[in-house]
Amino acid sequence: MNSPTSRRVPIVAGNWKMHYGPTEARDFAQSILDGLVAIPSVERVLCPPAISIAAVHAVTAGTGVWLGAQNMYFEEQGAFTGEISPLMLRGLCQYVILGHSERRHYFGETDALINRKTLAAFAHGPRPIVCVGERLEERDAGQTERVLTTQVRGSLTGLPIERLSELVVAYEPVWAIGTGRAASPQDAADAAALIRALLAEQYGAAAVVGVRIQYGGSVTAGNAGDFAALPDVDGALVGGASLKPDFIEIVRATARAKG
Ligand code: PEP
C-alpha cells in the first residue's frame, strides 16, 4: 500500500545516543549547522543526550533545526529519580524518541510503558518518534510481521485521532542498528506499508495518511537516498552517521530523493 505523500514533510533525525557532553555537543552542532540550515525541505532533528540538550539549543534556536530528546518519562513531575518529564522538554525539544530498541532491550521498556510515554507526549508535547523493529532471531524465524503488529498495536493505541499527523514511527530492525548491515529498501518498504496498514486498522486510512514513517538502521550518506526514494518512507532515524558531518549528506540525499 503506497500512500499519498504530498502532505508529509520528510524528517531526518540524528540519535547521538550516549555521545557528546554539553561542550562537545554544542561544538559539533555548530559545525554542522550551516549545512543543515541550507536544506529546509527536510525537517532536521538533533537528539543529543539529555544533559546536552540546553547547550545545543543555545546554538540551534531560531535556525529551524529542531531538537529531540532520546527518552522521557510519562509523569509531569515528582519522585522519579533520574527521569525527565515532558514538561521539562517543552520549549527545548520539538520531538522525543520513544521505545528505541536499546531502551526496550537494555532497560526493559515494554509496549505498555512506551504507550504511556507516547500518550504523555501527545498530552504535553514534544512530538513522539516511536521506534519499532524486530530482532534478527525473530526475522529469521519469519516473525517480523507478528513482532511489528504487537509493537504497533501495543505502543500506539489510544492516540488522539485528529492529531495523528504529529506522530512519527521509526522502523528500526534491531539487526540493522549499528551493524553496518542496513535493511534492503524492499524490507523497509514492506515494513512501512505494514505499519501504516496496522495504524489504519486502528484509526482509519484517512487519519494515518499524515503519519510519517522513518527507516533506521545503518543509514549512511550512500544509502539514505535509496530509502528516501520509497513513497512510504518519509526519512531516516540515524545513529552512528549522525555523529559526523555525514549527517548533512544524509539530509541532502533525502531532500534530493523527495524533491
Ligand atoms: C539508531 O540507533 O537508531 C540507529 C539507527 O543507529 P545506526 O544508524 O548507527 O544503525
Screening VAL96, VAL169, VAL174, VAL147 for residues that are on the phi < 0 side of the Ramachandran plot, surrounded by fewer than 20 Cβ atoms within 10 Å (Cβ to Cβ) and either away from the ligand (no atom under 12 Å from the Cβ) or modelled with pLDDT of 95 or more (or both) leaves only VAL147
Note on region 198-213: residues closer than 22 Å to SER101 by Cβ and among the hydrophobic types (A, V, I, L, M, F, W, C) are LEU198, LEU199, VAL211, ILE213
Pairs returned, first residue in region 62-86 that is among the acidic types (Asp, Glu), second residue that is assigned to a loop (DSSP other than H, G, I, E, B), beta-carbon separation under 7 angstrom, 6 or more apart or interchain, are GLU75/SER85; GLU76/SER85; GLU83/TYR73
When every residue in region 1-36 that is surrounded by 16 or more Cβ atoms within 10 Å (Cβ to Cβ) and among the polar types (S, T, N, Q) is compared, the one modelled with the lowest pLDDT is SER3
Over region 44-59, the set of residues crowded, with 22+ Cβ neighbours inside 10 Å and not hydrophobic (A, V, I, L, M, F, W, C) is ARG44, PRO48, SER52
Filtering region 177-189 down to residues that are in contact (Cβ under 8 Å) with a residue 24 or more places away in the chain and more than 16 Å from the ligand (Cβ to nearest atom) yields ALA189
Condition met for ALA206 (without any contact (Cβ under 8 Å) to a residue 12 or more places away in the chain and either crowded, with 22+ Cβ neighbours inside 10 Å or away from the ligand (no atom under 12 Å from the Cβ) (or both)):
yes
Conditions (1) within 16 Å of the ligand (Cβ to nearest atom); (2) closer than 24 Å to LEU230 by Cα; (3) more than 18 Å from the chain's Cα centre (by Cα) -> ILE39 fails only (1)
In region 99-115, residues that are more than 16 Å from the ligand (Cβ to nearest atom) and surrounded by 17 or more Cβ atoms within 10 Å (Cβ to Cβ) total 3
Q: Answer yes or no: is there a residue in region 75-92 that is closer than 26 Å to ALA191 by Cα and not β-branched (Val, Ile, Thr).
A: no
TYR73 passes all but one of the listed conditions (1) within 16 Å of the ligand (Cβ to nearest atom); (2) surrounded by fewer than 21 Cβ atoms within 10 Å (Cβ to Cβ); the exception is number (1)
Considering residues that are more than 14 Å from the ligand (Cβ to nearest atom), of a type outside the set (Gly, Ala, Ser) and either under 20 Å from ILE97 (Cα atoms) or crowded, with 18+ Cβ neighbours inside 10 Å (or both), the number found within region 214-246 is 3
Expected output for region 236-259 (first residue among the aromatic types (Phe, Trp, Tyr), partner away from the ligand (no atom under 14 Å from the Cβ), Cβ below 9 Å, 6+ apart or cross-chain) is PHE247/ILE32; PHE247/GLY35; PHE247/LEU36; PHE247/ARG44
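The values are calculated or read from the model by the stated rules, or taken from the named source; none is laboratory data. The shown structure was predicted, so the numbers you read here are calculated from the model rather than taken from an experiment. Neighbour counts run over all protein chains shown; Cβ positions are idealised from the backbone, glycine included.
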